[in-house]
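Visitor: Structure incoming, see below.
The values are calculated or read from the model by the stated rules, or taken from the named source; none is laboratory data. The structure displayed is predicted, hence computed values, not measured ones. Every residue, glycine among them, receives a Cβ derived from its backbone with ideal geometry; neighbour counts consider all protein chains shown. Only protein heavy atoms, including side chains, enter the accessible area calculation; ligands, DNA and RNA are left aside. Shrake-Rupley method; radii C 1.70, N 1.55, O 1.52, S 1.80 Å.
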Amino acid sequence: MYADHDPIVVAHARALLADSSQVTAVEADLRYPRSLLTMREVRDTIDLGQPVAVLLIAVLHFIPDDADPHGIVAAITARLAPGSYVALSHGTADHLDPGAANAAHAAYEGASAPGAPQPRRHRAVPRRPGARPASPPVFYGGAARIPPK
């Protein structure tokens, strides 16, 4: 299941998925997760009573704070069966110089969903010994499994 609120993006996704009987695209707004999860196309494609994987990759930074991205993720995970997985990422400007951060913000200013990067609010995960140095992140991400009830 692929969901997007932009009808042009959904039309392109449907064209790409035209030969698939197991994957579909729907026009929906992530800010309304209950509506998304109860759409007929979603119910016909995904059995939320069974473990599934939900990928919220490169999308949450398009949800402004006043639309409650934490509540959106909570509403989705509350509907998932035990054993399901959730992976998410969120853009950040933590490590960009102010000029680059302003340019990134300006690039999305006129978009149908302007970006809203977030700073890291939690402590860093320790690096594994011997891990290679990495460039500063422009995304933070995580994954979790819905535990048994």
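Visitor: Taking the range 1-55 on its own, what percent of its Cα-Cα pair distances exceed 16 Å? Write down the numbers at each step before the final one.
Guide: On the way: 618 of 1485 pairs.
Here the long-distance tail beyond 16 Å is 42 percent of all Cα pairs in the range 1-55.
Visitor: With a point put 7 Å past each Cα toward its Cβ, work out how far Ala143 is from His95 in nm, to one decimal.
Guide: 2.0 nm
Visitor: Moving to a separate point now. Return the distance in nm (one decimal) between the two label points of a simple spin-label model at Glu109 and Ala67, each offset 7 Å from Cα along Cα→Cβ.
Guide: The two pseudo-label positions are separated by 2.0 nm.
Visitor: Among Leu96, Leu16, Leu30, what's the order by accessible area (1.4 angstrom probe), most exposed first? The partial results should precede the final answer.
Guide: Working: Leu96 65, Leu16 155, Leu30 30 Å².
The residues order as Leu16, Leu96, Leu30, largest area first.
Visitor: Using amide H atoms built in the peptide plane, which far-off residues or other-chain residues are under 5 Å from Val54 H to H?
Guide: Tyr85, Val86, Ala87
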